[in-house]
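> Quick one: the structure is below, questions incoming.
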Amino acid sequence: MSDFQVLFKEQCIVPDVINIAPNELLTIKYPGGKTVEPGKELTPTQVKDQPTVTWAAKDQDYYLLAMVDPDAPSREEPKFREWHHWLVGNILGSNVGKGEVLSDYIGSGPPKGTGLHRYVFLVYKQPEKLDFSKVNKLPNNSGEKRGKFSIAKFATQYKLGIPVAGNFYVAKYDDYVPKLYAKLKG
């Protein structure tokens, strides 16, 4: 078991989000040069813009990328588990930009006083190009319909199996969060 797979268990991503840790580490780079290191802390300010995500994709295969927060509104009381921040399907190879955006990217916004939240990125290999026409497409200026999502249930529904790659960071409130909330009310 690799170090990052151990962290997935130590940080209870297994079993809070998924049952089995992915085998491959996902590379996530934010504008400004911040790279996600498994389990390390980043600030909402550092992760406000959509990152570049790469993995050992096969050019002819389709993938789904998800980013979820299982700690909404807090790790002690996760009544909105999971809040999904980003969901892109039908990614051919690793070209996320040409995938089908199901939920636009929203950066981290942990409420004040709720401590560290885990932000989990997972990539699933799709069995083929999928029909996501029944999925509500969510913009990045609204928080509606993002809570109480389950990437594990979504993966089961679309027969995605276990994630092939993953990574995560932790974040707590900073002074960018009110700006994010104002954008989500817009």
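Read the figures in this text as sums done on the coordinates, not as results from a lab. No experiment lies behind these values; they were computed from the predicted model shown. Every residue, glycine as well, gets a Cβ built from its backbone with ideal geometry; the counts of neighbours run over all protein chains shown.
> Between K148 and E128, what length comes free when the chain is fully extended (0.36 nm per residue of separation minus the Cα-Cα distance, one decimal in nm)?
4.5 nm
> Run the numbers for N95 and Q157: contour at 0.36 nm per residue of separation, minus the present Cα-Cα distance, in nm.
Values: separation 62, 0.36 × 62 = 22.32 nm, distance 2.35 nm.
Additional length available on full extension: 20.0 nm.
> Return Y181, Y119, Y158 ranked ascending by Cβ neighbour count within 10 Å, so the fewest neighbours appear first. Mind showing how you got there, number by number?
Values: Y181 13, Y119 26, Y158 17.
By the 10 Å Cβ count, ascending: Y181, Y158, Y119.
> May I ask you to sort L130, L65 by Cβ crowding, counting other Cβ atoms within 10 Å and putting the fewest first?
Numbers: L130 16, L65 23.
Ranking L130, L65 by Cβ neighbours within 10 Å, fewest first, gives L130, L65.
> Would you mind ranking M67, M1 so that the residue whose beta carbon has the fewest other beta carbons within 10 Å leads the list?
Lowest count first: M1, M67.
> Normalised by the residues of the chain, what does the relative contact order come to in percent, with Cα pairs under 8 Å and at least six apart?
Relative contact order here is 28 percent.
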